[in-house]
Amino acid sequence: MSRKFQILLATAVFVLAACSKGGTKPDGSEGAEGDAAAGGDYSSQSGLETGTVGQGTEYVEAGMEPGDEALIAETVIYFDFDTARIRTEYSEVLAAHARRLGVKSGLSVRLEGHADERGSREYNIGLGESRAQAVRQALMLQGVSATQITTVSYGEERPAVSGSTEEAWERNRRVEIIYSE
Amino acid sequence: MIDEEVIQKMMKSALLRLLGLVALIAVSQPGSAQLRIEISRGVSGAVPVAVVPFAYDGRGQPPLDVANLISDDLLRSGRFAPMGRDDMISRPTTAQDVNFTDWRLLKTDYVVIGRVVEDGLDRYLLQFQVFDVFRGSQVLGYQFKATAGNMRAVGHRAADLIFEKLTGIPGAFSTRVAYVSVVRDQEDLYRLIVADADGANPVVIAESGKPIMSPAWSPDGRRIAYVSFEQNRSAVYVQELATGSRKQVSASPGINGAPSFSPDGRWLALTLSSVDGNLDVHVLNPATGQKRRLTRNPAIDTEPAWSIDGKHIYFTSDRSGGPQIYRIPVEGSSSAQRITFEGRYNARPRISPDGKTLAVVHNDRGNYRIAVIDLDRKTTQVLSDGRQDESPSFAPNGSMLIYATGSGGRGVLAAVSTDGRVKQSIGAAAGDVREPAWSPYPAD
């Protein structure tokens, strides 16, 4: 299977996963289907009139969803060995990053792709680039502008964790999402 | 009679020379990154040879113990077993003093004698002779001009000639090795270092807090191309070793990697990426900026290496799934032809100086090892025995491959003869060393 096809397939799986989840919050309850106004509409509550304080709901910026801040705090996407396929577990994280970049068009991200230490170095530069590109494609399919994204691959040159164990390799096969204004 | 003024002048000049030497050592010693080379496996039946301490005819001390240098070179090759000095019954320095009966008793096959003669201010003559003990006759005799500064290089040259005379293979002791040293402290420090083939005289030619990788020699040994991330993205530079002057030759958006000089030194093959991250092999004329894309495949195409005649380029591609080696003509529009079929991982090709074999990184039952592939017979021979061996580079005489490996959690270098019989371990005192690139023969 060619790398390009792998990326396309991974992206398709990711998009499907993201769609099916809809506005589900991390706790599993149904959210507002992307309608932030409903989630943050405090005027309909009766607390002010009766003198008791209502429960309140999370206030989020227009275009964002409840729980996005927690998802955006996750800025490292990990990969399986010798592949650039994005695991389905990251669909919500990437959807949240995409919403943030959609809301703030002045923001940009640098996607740094990395590989574990096994194999040859320049080939691993290619592998890190494929991973960064897979994340780039996922963000762009969620509406992020290409001009907001740059990619760089460090291959195996900048490991997050040193050592030659399965654990270290897992931590090093990654794309780091780095924001800048 | 020498008057006081002359003596003062001489002392002053000697002092200045000494200061200059100290300054040179201070800038050129990356200390902890200096390599130490040891034989971890030698040839059984290594040839016994005696390199007798050379005579010195001059003032003061000789600039260098040349006999010791030659003896060490021969020892490190793994093909010779030099005799210890304490075991020598006599220490002849002229042909008439060589007593072949004694040397036969000591079971040595060859005796090397020589002398260093001072021949003016910082001018020396190095003379040496090699005798066949059993025939009782001279097999080699040479004389070189030298200075204190180049005495090491001249000594290595002598060792090259002795090695060639006795093995039939040109020596490669007077060549150099470029490598990357990485020290991880509070901040990472990446250095590109060029040292003599015996690890001596290490000189830092580039330094950065960001990765430096993929050093490649020009065929005349005067320039090195490499990749640096010093501007937070990859760019390819070409640096003149003599002057240190440097030119950025490729900084396209995306990847600029894996530079490799053509045999005529005029072109660089390198890896560039398209906007959607597809890596392809290109050729670039660094003088004019003229550039041409060579591979057109959505897979990862990288790690180009020129054939000896400069007509083809070998490269790594994962177009069939995993990485394998392919070959494409530099001219014309013929498609790439797959070269490797044995195993699921073959990457980073390097062609041997005779053009007959390809050194690669090969997955051998889960381990990444250095293998050589016979291009005619299509056979694969695994030469190394580590878990993550990479970056093989041929010595210019084709007899050895230097490569990167791991030892005790650190990156070190190692070398293996292309017949697999001799192994060297090459360690540095601190940090990781990696990506060795063996120089071509120096252009005279």
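Of the set (1) of a type in the set (S, T, N, Q); (2) within 14 Å of chain A (Cβ to nearest Cβ); (3) assigned to a loop (DSSP other than H, G, I, E, B), all apply to B:N363 but (3). Comparison of B:H282, B:H312 shows that the only residue that is more than 8 Å from every other protein chain (Cβ to nearest Cβ), under 17 Å from B:P253 (Cα atoms) and either of a type outside the set (S, T, Y) or surrounded by fewer than 20 Cβ atoms within 10 Å (Cβ to Cβ) (or both) is B:H282. Would you call B:R344 in a strand (DSSP E or B), surrounded by fewer than 23 Cβ atoms within 10 Å (Cβ to Cβ) and free of Cβ contacts under 8 Å to residues at least 24 places away in the same chain? No: the conditions fail for B:R344. Quick one: count up the residues across the range B:169-204 that are part of a loop (DSSP other than H, G, I, E, B) and either in contact (Cβ under 8 Å) with a residue 60 or more places away in the chain or under 17 Å from the mean Cα position of the chain (by Cα) (or both). Adding up the residues that qualify gives 13.
For the range B:86-98, filtering for residues that are closer than 25 Å to B:F163 by Cβ and part of a loop (DSSP other than H, G, I, E, B) leaves 7. Is it the case that some residue within the range A:116-128 is in a helix (DSSP H, G or I), more than 12 Å from chain B (Cβ to nearest Cβ), in contact (Cβ under 8 Å) with a residue 24 or more places away in the chain and among the acidic types (D, E)? No: the range A:116-128 contains no residue that is in a helix (DSSP H, G or I), more than 12 Å from chain B (Cβ to nearest Cβ), in contact (Cβ under 8 Å) with a residue 24 or more places away in the chain and among the acidic types (D, E).
Across the range B:289-309, the number of residues qualifying as within 22 Å of B:I351 (Cα to Cα) and either acidic (D, E) or more than 10 Å from every other protein chain (Cβ to nearest Cβ) (or both) comes to 10. Filtering the range A:149-174 down to residues that are facing chain B (nearest Cβ under 8 Å) and either under 19 Å from the mean Cα position of the chain (by Cα) or β-branched (V, I, T) (or both), which residue is farthest from B:G411 (Cα to Cα)? Per the stated criteria, the residue is A:T151. If you go through the range A:138-147 one residue at a time, do you hit one that is at the interface with chain B (Cβ under 7 Å from one of its Cβ atoms) and either among the hydroxyl-bearing types (S, T, Y) or not in a loop (DSSP other than H, G, I, E, B) (or both)? No: the range A:138-147 contains no residue that is at the interface with chain B (Cβ under 7 Å from one of its Cβ atoms) and either among the hydroxyl-bearing types (S, T, Y) or not in a loop (DSSP other than H, G, I, E, B) (or both).
Each residue in the range B:407-444 was checked for being assigned to a loop (DSSP other than H, G, I, E, B), small (G, A, S) and over 25 Å from B:P219 (Cβ atoms), and 6 of them qualify.
The number of residues in the range A:69-84 that are crowded, with 17+ Cβ neighbours inside 10 Å and either within 14 Å of chain B (Cβ to nearest Cβ) or over 24 Å from A:G113 (Cβ atoms) (or both) comes to 3. The set of residues in the range B:104-118 that are in a loop (DSSP other than H, G, I, E, B) and either among the β-branched types (V, I, T) or free of Cβ contacts under 8 Å to residues at least 12 places away in the same chain (or both) contains only B:T108.
So that you can scan it fast, the table gives a plain yes or no per residue for (1) in contact with a Phe, Trp or Tyr (Cβ under 6 Å, 6 or more places away or on another chain); (2) more than 23 Å from B:G199 (Cβ to Cβ); (3) not aromatic (F, W, Y):
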{"site": "B:D73", "(1), (2), (3)": "yes, no, yes"}
{"site": "B:S77", "(1), (2), (3)": "no, no, yes"}
{"site": "B:A81", "(1), (2), (3)": "no, no, yes"}
{"site": "B:R91", "(1), (2), (3)": "no, yes, yes"}
{"site": "B:A95", "(1), (2), (3)": "no, yes, yes"}
{"site": "B:V117", "(1), (2), (3)": "no, yes, yes"}
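Within the range B:95-117, the set of residues being of a type in the set (D, E, K, R) and within 14 Å of B:Y142 (Cβ to Cβ) comprises just one member, B:R115.
If the condition is being of a type in the set (A, V, I, L, M, F, W, C) and more than 16 Å from B:R350 (Cβ to Cβ), then the range B:249-267 contributes B:V249, B:A251, B:I255, B:W267. Filter the range B:127-147 for residues that are assigned to a loop (DSSP other than H, G, I, E, B) and hydrophobic (A, V, I, L, M, F, W, C); which is nearest to B:I113 (Cα to Cα)? Among them, the one singled out is B:V133.
Taken together, the residues in the range B:405-424 that are crowded, with 17+ Cβ neighbours inside 10 Å and either over 16 Å from B:I193 (Cβ atoms) or free of Cβ contacts under 8 Å to residues at least 60 places away in the same chain (or both) amount to 11.
For B:G322, the test of being among the small types (G, A, S), touching a residue at least 40 places away in the same chain (Cβ under 8 Å), assigned to a loop (DSSP other than H, G, I, E, B) and surrounded by fewer than 23 Cβ atoms within 10 Å (Cβ to Cβ) is failed.
Applying the condition of being out of contact with any strand residue (DSSP E or B) (no Cβ under 7 Å at 6 or more places or on another chain) and in a helix (DSSP H, G or I) to the range A:94-115 and asking which residue is farthest from the other protein chains (Cβ to nearest Cβ) yields A:V103. When B:D185 is tested against (1) surrounded by fewer than 16 Cβ atoms within 10 Å (Cβ to Cβ); (2) more than 14 Å from chain A (Cβ to nearest Cβ), only condition (2) is not met. Considering B:E230, B:E207, the condition of being outside any strand (DSSP E or B), of a type in the set (D, E) and more than 20 Å from B:A153 (Cβ to Cβ) is satisfied by B:E230 alone. For the range B:169-181, the criterion of a residue being aliphatic (A, V, I, L, M) and more than 24 Å from B:L413 (Cα to Cα) is satisfied by no position.
A short reminder: the numbers here are calculations on the coordinates, not readings from a lab. None of the values given here were measured: they were computed from a predicted structure. Cβ coordinates were reconstructed from backbone atoms using ideal geometry, including for glycine residues, and neighbour counts include every protein chain displayed.
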